[in-house]
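Single-structure report; data block below.
The values are calculated or read from the model by the stated rules, or taken from the named source; none is laboratory data. Since this is a predicted model, take the numbers as computed values, not measurements. A quick note on method: Cβ atoms are made from the backbone with ideal geometry, for glycine too, and the neighbour counts reach across all protein chains shown. Heavy atoms of the whole protein, side chains included, go into the accessibility calculation; ligands, DNA and RNA do not. Shrake-Rupley method; radii C 1.70, N 1.55, O 1.52, S 1.80 Å.
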Amino acid sequence: PSLFSAIDMAPRDPILGITEAFNADQNPAKINLGVGVYYDDNGKVPLLACVQKAEEILIAAPAPRTYLPIEGLAAYDKAVQELVFGADSAVIQEKRAITVQAIGGTGALKIGADFLKRFAPDAQVYISDPSWENHRALFESAGFTVNNYSYYDPGTHGVNFAGMIADIKAMPAGSIVLLHACCHNPTGADLTSAQWDEVIAAVTTGGLVPFLDMAYQGFGAGIAEDGAVVRRFADAGGPLLVSNSFSKSFSLYGERVGALSVVAASGEEAARLMSQVKRVVRTNYSNPPVHGGKVVATVLTTPELRQLWEDELAGMRVRIKEMREAFVAKLKAKAPSHDFDFVRDQVGMFSYSGLTKEQVGKLREQSIYAVDTGRICVAALNSRNIDTVIDAIAKVL
Ligand code: PMP
């Protein structure tokens, strides 16, 4: 037998399984709500005008494809840091924040996890129950033991805050707690501002290491509003890691643009952290790709393009909210005895709809695809498919 002959098949990615079944479905009216992508009202992944214009600027000044520095494009790192922490933030003024370009949000999480494993090898990691399915795998593959903290309450379709805060208070000092900065994936249930106050206090008092994952900045209440949580953690002092992604907010999924930021206690400490984060990058992929970073940096630092981006992102955010409103109103008309009002209160691209695995199975018989957990992508609804979806859901309730 060869080295490879005894290797088992890895478990299938549950979301990719839905996409495969969807692709194989011959029904021309099929609808995929299982995706993790924003679609416009025509059911297409948008190419943002700000991205197109930035690419025109880049093409007009052709440049050789040299290596970027290990930490990425300097203009990108600076612009992203200001976006994430706020340009006037103390951590930037005091040079306590470091930011490195990363291969999407996933790459940022992986660099952060590998970095933490070097310096906190025995720390426990805690993720929300449930969380984005890759969080557990990423931290486990970095060598950590990953635990859950209470998060979702199926009874209210919101956050089980009493459970969450009790679990945070019980975490051993030095534990790493992964928090979704906004637009929780997969549930769509976010904390209130007052609840964040309590979480920040508990994390600080407990000597925990917060790791904020922000994959949907701008899809909740707005760019600054969604980033406020990061700023409040930064102001609270203490160590802080932040991963962010432009996959959704720039519709740049395949360009793999994200960043990891780390907040240190002093500028001198930040320099040491940067040298170590660079070492992690160097041993993973050496340095990041050029194109996506240049596009995002160009948009963020060119005032007209920046305004265009903010408007286009607002357009995506508003469209999702309209779909939430329409979903609730139309279901109320079709199935008045069922209460779906919580869908309006959930935030971001996703909703834990409360549909059971069995109901999701029955939807699939009608060529409508959702995740077995009941997660639907609200950003995959549009003015043309929503009535079909509502009729199908009303039938399976
Ligand atoms: N974190 C969360 C919560 C996500 O939902 C995702 C993916 N959508 C990511 C990180 C990874 O982002 P990216 O696709 O940029 O790697």
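Filter the range 45-66 down to residues that are surrounded by 10 or more Cβ atoms within 10 Å (Cβ to Cβ) and part of a loop (DSSP other than H, G, I, E, B), then give me how many there are.
4
Which condition does residue 201 not pass, out of (1) open to solvent by 10 Å² or more (accessible area, probe 1.4 Å); (2) closer than 28 Å to residue 356 by Cβ, if it passes all the others?
The one condition residue 201 does not meet is (2).
Return the residues of the range 231-250 that are over 13 Å from the mean Cα position of the chain (by Cα) and open to solvent by 10 Å² or more (accessible area, probe 1.4 Å); say none if nothing qualifies.
231, 232, 235, 236, 237, 238, 239
Can you tell me which residue among 111, 98, 92 is more than 15 Å from the ligand (Cβ to nearest atom), assigned to a helix (DSSP H, G or I) and open to solvent by less than 50 Å² (accessible area, probe 1.4 Å)? Before the answer, list the steps.
Working: 111 fails: more than 15 Å from the ligand (Cβ to nearest atom); 98 fails: assigned to a helix (DSSP H, G or I).
The unique qualifying residue is 92.
Answer yes or no: is there a residue in the range 215-224 that is more than 16 Å from the ligand (Cβ to nearest atom) and open to solvent by less than 50 Å² (accessible area, probe 1.4 Å).
yes
Which of the numbered conditions does residue 14 fail, given that it passes all the others? Conditions: (1) at pLDDT 95 or above; (2) open to solvent by 70 Å² or more (accessible area, probe 1.4 Å).
It is condition (1) that residue 14 fails.
Tell me whether the range 138-147 contains one or more residues that are in a strand (DSSP E or B), away from the ligand (no atom under 15 Å from the Cβ) and surrounded by fewer than 21 Cβ atoms within 10 Å (Cβ to Cβ). Lay out the reasoning, then the answer.
Let us first name the residues in the range 138-147 that are in a strand (DSSP E or B), namely 146-147.
In the following step, the residues that additionally are away from the ligand (no atom under 15 Å from the Cβ) were identified as 147.
Filter once more, so that each one left must be surrounded by fewer than 21 Cβ atoms within 10 Å (Cβ to Cβ): 147.
Scanning the range 138-147 turns up at least one residue that is in a strand (DSSP E or B), away from the ligand (no atom under 15 Å from the Cβ) and surrounded by fewer than 21 Cβ atoms within 10 Å (Cβ to Cβ).
Taking residue 133 and the conditions (1) more than 12 Å from the ligand (Cβ to nearest atom); (2) surrounded by fewer than 19 Cβ atoms within 10 Å (Cβ to Cβ); (3) closer than 22 Å to residue 348 by Cα, which numbered condition does it fall short on, given that it satisfies the others?
Tallying (1) more than 12 Å from the ligand (Cβ to nearest atom); (2) surrounded by fewer than 19 Cβ atoms within 10 Å (Cβ to Cβ); (3) closer than 22 Å to residue 348 by Cα, residue 133 fails exactly one: (1).
If we only count strands (runs of 3 or more DSSP E) wholly inside the range 203-275, which ones have 2 or more residues that are under 22 Å from residue 54 (Cβ atoms) and in contact (Cβ under 8 Å) with a residue 12 or more places away in the chain?
Because the criterion is at least 2 residues that are under 22 Å from residue 54 (Cβ atoms) and in contact (Cβ under 8 Å) with a residue 12 or more places away in the chain, the strands (runs of 3 or more DSSP E) in the range 203-275 that meet it are 240-245, 257-263.
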